[in-house]
Amino acid sequence: MGSRTVIPFGPQHPALPEPIHLDLVLEDEKVVEAIPKIGFVHRGFEKLVEKMDFNELVYVADRICGICAFIHSMAYCQAVEAVMNVEVPPRAVFLRTVWSELARLSSHLLWLGFMADVMGFESLFMQSFRLREKIVDMLEEMTGGRIILGVCRVGGVRRDVANDTLAGIAGRVKDLVRDMRRLADVFLQDDSVKHRLVDVGVLTREQAADLGCVGPVMRASGISRDTRTLGYAAYGFVDFSPVVETSGDSYARCAVRVRELFQSVGIIEQAASKIPAGEVSVKVSGYPEGEYHSRCEQPRGEVVHYVKGDGTRYLQRYRVRTPTFANIPALVKMLQGCELADVPVLVLTIDPCISCTER
Amino acid sequence: MGDDIKAGPKPGDPSLNPRERQVLEEIPAAALLERVQQMRAEGWRLVHIACTRLVADQEVSYCFDRDGQSLESPDAATLHGMRTLRVRLPIHDAELPSISPFYWGAFLYENEMHDLFGITVKGMALDFQGHLYTTMVPTPYVTKEPEHGE
């Protein structure tokens, strides 16, 4: 056994868009242990239940993160709607589905860009962000927001979108498929990319299950679980099945996200073609009394928004369990046995969203 | 999901606003480890742990899910079911054993319980010694915030 060295990785590092720290215990160039540290930007959003009523908290949920903002607000609204037994109009749940999938496209393209950047593949980074910009433009056309959409409310959504606009958006998303396929070919076929990803950071199916992984990290290890199969929003009305890979390495995690791009395009097309006419919100009266764990599939995996109300306008408890929070234990296991040079890429393969995690 | 559902929504369709069935089981703190061990043996996944400050005490909810299987029928893959084990604790000097022996990844939740709610969790797989979160007020959910000028 060689002598052991401890190398600090983060919280500021070129590979990290947000702060997370790892103490890497090395034997020569091999990582034998990784000790994570978060908490650098903990904001205490959940404690705002003491000062903001349950309707105002939608804005808080929307601002938990700048990548998965919309799905946070939707999961929160669904939790309150379940507690208050609110029936959201059909048109609103279809709009929520379209915006969720556009948010997934935006997030996955962002991740692919970051991944390319960390691998030193700058032109691929540019191409990923070029495509993402078009998605963000579409979100802006429909909602007025590019990142934080601010369109969800308890009882529905704040904005309607004309059917022709929706059909146009679905068509434009479909037009991006050719560009996405070219991007996918590079990520999945290029030798220099495969060299960095194949057989690196393998997480077996058993480990993924034991560690409670979620999202693409879990599905890349062969577990076919996707919270959208619960049928929330309009997912009960569209045809899709979880994207699964089996090798459990960094390449598989990348492949799941790449294939999910095309899945999202399909869901948007179906939702836009089946959206019914009608109202987009209902009036909600009264205050929440009871509790509910609302689950949605974020781009990074299952998110849980737990609310508990005691019949007053202020909730007793609001708790958010984000997908990255659930995937950090898996990251610790993945890093054990890898080479030091692979650490930045490996950390990125869980698509860490620290602002979500810190809340 | 049947073909009729795929065709599109109809007014009042129950598939539009599905609610998960979520079962709550209150247990004494002394029975926690034994019950968690059973859940583990039955193949439940730890979804999350949530603490809630109540008026006179606090509660800790351990939430589990079993891979898309309904609570009524393990064969019904489209209905998920969440089960929550709940223990009640005093607001101050609360103590619980760690469930790390059965769910290794619980250490982050348990450190959070310690840092935000002041619950001492014995035997965590990774103990940050109160340094997971840095907060202006220690254990902010169970400590009264100082008023301005105090």
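What the table below lists for this structure:
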quantity	calculated
Search result, residues across region A:316-359 that are of a type in the set (G, A, S) and not in a helix (DSSP H, G or I)	A:G337
Count of region A:232-242 residues which are within 8 Å of another protein chain (Cβ to nearest Cβ) and either surrounded by fewer than 21 Cβ atoms within 10 Å (Cβ to Cβ) or among the aromatic types (F, W, Y) (or both)	3
Test: A:A271 is in a helix (DSSP H, G or I), more than 11 Å from chain B (Cβ to nearest Cβ), farther than 23 Å from A:S355 by Cα and in contact (Cβ under 8 Å) with a residue 12 or more places away in the chain	no
Test: residue in region A:214-226 that is away from every other protein chain (no Cβ under 14 Å) and within 18 Å of the chain's Cα centre (by Cα)	yes
Sole residue being at pLDDT below 90 and under 23 Å from the mean Cα position of the chain (by Cα), chosen from A:L16, A:L26, A:L95	A:L16
Filtered residues of region A:10-38 (kept if within 14 Å of another protein chain (Cβ to nearest Cβ), assigned to a loop (DSSP other than H, G, I, E, B) and either touching a strand residue (DSSP E or B) at 6+ places or on another chain (Cβ under 7 Å) or among the β-branched types (V, I, T) (or both))	A:P11, A:I20, A:I38
Residue check, A:T165 surrounded by 14 or more Cβ atoms within 10 Å (Cβ to Cβ), at pLDDT 90 or above and in a helix (DSSP H, G or I)	yes
Test for A:G286: is it under 20 Å from A:V6 (Cα atoms), in contact (Cβ under 8 Å) with a residue 24 or more places away in the chain and either within 8 Å of chain B (Cβ to nearest Cβ) or assigned to a loop (DSSP other than H, G, I, E, B) (or both)	no
Number of the exception - A:G337 against (1) surrounded by fewer than 24 Cβ atoms within 10 Å (Cβ to Cβ); (2) of a type outside the set (D, E, K, R); (3) in contact (Cβ under 8 Å) with a residue 40 or more places away in the chain; (4) within 13 Å of chain B (Cβ to nearest Cβ)	(4)
Any chance B:R53 is under 16 Å from the mean Cα position of the chain (by Cα), basic (K, R) and at pLDDT below 90	yes
Looking only at region B:105-136, and only at residues there that are under 15 Å from the mean Cα position of the chain (by Cα) and of a type in the set (F, W, Y), the one that is surrounded by the fewest Cβ atoms within 10 Å (Cβ to Cβ)	B:F117
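Residue-by-condition table, conditions (1) within 25 Å of A:V32 (Cα to Cα); (2) among the hydroxyl-bearing types (S, T, Y); (3) under 17 Å from the mean Cα position of the chain (by Cα); (4) away from every other protein chain (no Cβ under 13 Å):
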{"site": "A:Q316", "(1), (2), (3), (4)": "no, no, no, no"}
{"site": "A:A326", "(1), (2), (3), (4)": "yes, no, yes, no"}
{"site": "A:V332", "(1), (2), (3), (4)": "yes, no, no, no"}
{"site": "A:V343", "(1), (2), (3), (4)": "yes, no, no, yes"}
{"site": "A:C353", "(1), (2), (3), (4)": "yes, no, yes, yes"}
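The values are calculated or read from the model by the stated rules, or taken from the named source; none is laboratory data. Please read all numbers here as calculations on a predicted model, not as lab measurements. A quick note on method: Cβ atoms are made from the backbone with ideal geometry, for glycine too, and the neighbour counts reach across all protein chains shown.
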